[in-house]
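Below: one structure, written as structure tokens.
The values are calculated or read from the model by the stated rules, or taken from the named source; none is laboratory data. The shown structure was predicted, so the numbers you read here are calculated from the model rather than taken from an experiment. Virtual Cβ from ideal backbone geometry, glycine too; neighbours counted across all protein chains shown. Areas reflect the complete protein model, heavy atoms only, side chains present, ligands, DNA and RNA absent. Shrake-Rupley method; radii C 1.70, N 1.55, O 1.52, S 1.80 Å.
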Amino acid sequence: MRARRVQRLTRYVCAVHEGPFTVFAEEAHEDSADLLFMPDATAADWATVFAYAEVRHVAAGLALVQAGEQDRALYLLTEGEIGVRLPRDEGAFKTIEAPSVLGELSFFDGYPRSATLEAVTDVEVVRIDLAAFDRLHEHEPAIANLMLRDLARILALRLRLASAVIAELRSA
């Protein structure tokens, strides 16, 4: 029942964008076009971002990050599928397919990870830790600012979607 409500809300709230990445939002339908990350970025912009990042491969069944872990990195899922599991839950409540952005909350606030991200399939991610982002910001401030503005836009959308879900659940 909740899933249908969430999908209906997402279709209502979201506009169409194109771009290489989407951001996972618990409250939003995974395919939500408004969750695309940096939809207007060029191939040169992405090459610049990736030059400051580290590529990692994670085999199916292994965790990319663990709930409670201190890690201020942002992850760009470029291949594969990730399952999202909350602490004390046995299974994933959501899966995320590439391309997607993961880990933006801890990237911004520095708090421990709120969920475990497990590889459902073999995955490839591009990891940008805070030090790498600081170097990117120093050498390519326009691209770094574009990333920050777009992550802020996506987080604001997530908050609006969460508020809408809470309001609908309270009225049900």
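Amide H to amide H, which residues 5 or more places from residue 114 or on other chains are under 5 Å from it, using H placed in the peptide plane?
Long-range HN contacts for residue 114: 68.
Please give the net charge around residue 50, taking every other residue with its beta carbon less than 15 angstrom from that of residue 50, where Lys and Arg add +1 and Asp and Glu add -1.
Residues near residue 50 contribute -3 overall.
With the Cα gyration tensor of the stretch 34-172 giving a ≥ b ≥ c as the square roots of its eigenvalues, does the rule (a/c under 1.5 for rounded; else a/b larger than b/c for prolate; else oblate) give rounded, prolate or oblate?
Oblate is the answer for the stretch 34-172, as a/c is 1.5 or above yet b/c matches or exceeds a/b.
Among residues other than residue 143 whose Cβ falls under 15 Å from its Cβ, what is the net charge (Lys/Arg +1, Asp/Glu -1)? Walk me through the numbers before you get to the answer.
Numbers: positive: 135, 149; negative: 40, 45, 134, 138, 140, 150.
Once positives and negatives cancel, what remains is -4.
Which sequence of 163, 106 reflects their accessible areas, 1.4 Å probe, from the largest down?
My answer, sorted largest first, is 163, 106.
For 88, 56, 135, what's the largest-to-smallest order of accessible area, 1.4 Å probe?
Reading off the accessible areas and sorting them downward yields 88, 135, 56.
Suppose all protein chains stay in the model; what accessible area per residue would a 1.4 Å probe give for the stretch 41-111, in Å²?
51
If you add up the charges near residue 77, with Lys and Arg at +1 and Asp and Glu at -1, over every other residue whose beta carbon is less than 11 angstrom from its beta carbon, what do you get?
Every neighbour counted, the sum reads -2.
I'd like the accessible area for residue 72: 1.4 Å probe, protein heavy atoms, all chains in place, Å² to the nearest 10.
Residue 72 exposes around 90 Å² with every protein chain in place.
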